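Read through the structure below, which is laid out as structure tokens, and then see the notes.
The values are calculated or read from the model by the stated rules, or taken from the named source; none is laboratory data. Small disclaimer: the values here were computed from a predicted structure and weren't measured. Glycine also receives a Cβ, built like all others from the backbone with ideal geometry; neighbour counts cover every protein chain displayed. In case anyone asks, the SASA skips ligands and DNA or RNA and just uses the protein heavy atoms, side chains included. Shrake-Rupley method; radii C 1.70, N 1.55, O 1.52, S 1.80 Å.
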Amino acid sequence: MSSLAYSPFQAGGALPANSIVYVRREAEVEAVQQLRRMAYLKLIEPRQQGKTSLINWLSGNLRTSGYTFTVVDVSTLDESSEAAWYNDLCNRLLRQVNFASNCAHFNLPTAASTWRRFLADFADCAGKVGQRVVIALDEIGTTRHTWAESFFRV
């Protein structure tokens, strides 16, 4: 009879936030510094270079410091139309925070022109209840629609 031994290693995929094999890099130090200042942070690396593992690590470590961390894999959003994409994105963000029900109804954006207003309302709501929110968008390279350019330009 053989017994299976636990191994912390895995073949492929993102590492969980508490993985004992996660190797901290300078990127973690810089990312934490940026996020503690509530500054905009952009992680751009080729595929399979550890971005999702970094997002998981940041999420796990910043939650214990009082941050509300939201993560949306944009490759899984509804792409049937621009309005559906924004609706899906914003609903996923709102489901991940516990303070949204304390605020007035959010007007969900239907295009990049209304996305900034949603973000401002979201930030205002978070501030009113003393929350520091991080929005992480993963797999942005999969967004190939014409509206993606205006989304990331805002």
Hey, what do the phi angles of region 119-132 turn into as Karplus ³J(HN,Hα) couplings, whole Hz, using 6.51/-1.76/1.60 and θ = phi - 60°, x for Gly and Pro?
4, 5, 5, 4, 5, 4, 4, 4, x, 5, 9, x, 9, 9
What percentage of the solvent-accessible surface of region 71-154, computed with a 1.4 Å probe over protein heavy atoms, is contributed by carbon and sulfur atoms?
48
Find out how many positive minus negative residues lie around GLN34, taking Lys and Arg as positive, Asp and Glu as negative, among other residues whose Cβ is under 14 Å from that of GLN34.
+1
Residues whose modelled amide H sits under 5 Å from the amide H of ARG132, counting only those 5 or more places away in sequence or on another chain, are THR68
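Given a Förster distance of 30 Å, report the FRET efficiency between ALA83 and ALA123 from their Cβ-Cβ distance, rounded to the nearest 0.05. Display every interim value, and only then the final one.
Values: r = 22 Å, r/R0 = 0.74.
The formula returns an efficiency of 0.85 here.
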Taking the Cβ-Cβ separation of SER65 and CYS103 as r and a Förster radius of 22 Å, what is the calculated FRET efficiency to the nearest 0.05?
0.40
